[in-house]
Amino acid sequence: MELNEFITKFADQFEDTDPADITASTTYKDLDEWSSLIAFSVIAMVKVEYGKTLTGAEIRHCSTVEDLFNTIAAK
């Protein structure tokens, strides 16, 4: 799993947010489009793409896209 690949796949979960606005240091909860539905989409994407289970609690615990990546990579 590579950070840039993860950022691209993470950004793909958003319909209206410009992918260029999402970087490793982006605080994803501050994005206007962030919602519980996007969170579920991220959980599903992680399961399908990486075969790992990400929980809502882990999403709430992380702040940035890189934090989320590191949480998934550590599994």
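The values are calculated or read from the model by the stated rules, or taken from the named source; none is laboratory data. Here the structure is a predicted model, which means the values were calculated and not measured. Virtual Cβ from ideal backbone geometry, glycine too; neighbours counted across all protein chains shown. In case anyone asks, the SASA skips ligands and DNA or RNA and just uses the protein heavy atoms, side chains included. Shrake-Rupley method; radii C 1.70, N 1.55, O 1.52, S 1.80 Å.
Looking only at segment 1-33, which residues are of a type outside the set (Asp, Glu), open to solvent by less than 90 Å² (accessible area, probe 1.4 Å) and without any contact (Cβ under 8 Å) to a residue 12 or more places away in the chain?
8, 11, 19, 20
How do the pairs read when you match residues in segment 53-66 that are at negative phi with residues anywhere that are small (Gly, Ala, Ser), using Cβ under 7 Å and keeping only pairs 6 or more apart or on different chains?
Partner pairs satisfying both residue conditions: 56/39; 59/39; 64/24; 64/25; 65/24; 66/24; 66/25.
Collect the residues in segment 50-75 that are part of a helix (DSSP H, G or I), open to solvent by 30 Å² or more (accessible area, probe 1.4 Å) and among the hydrophobic types (A, V, I, L, M, F, W, C), keeping them in residue-number order.
57, 73
Of all residues in segment 1-13 being over 10 Å from the mean Cα position of the chain (by Cα) and hydrophobic (A, V, I, L, M, F, W, C), which is farthest from residue 51 (Cα to Cα)?
3
Out of contact with any Ser or Thr (no Cβ under 9 Å at 6 or more places or on another chain) and modelled with pLDDT under 95: does that describe residue 45?
Criteria not met by residue 45.
Inside segment 37-49, can you point out the residues that are open to solvent by 80 Å² or more (accessible area, probe 1.4 Å) and either farther than 16 Å from residue 71 by Cβ or in contact (Cβ under 8 Å) with a residue 24 or more places away in the chain (or both)?
Selection gives 37, 40, 48, 49.
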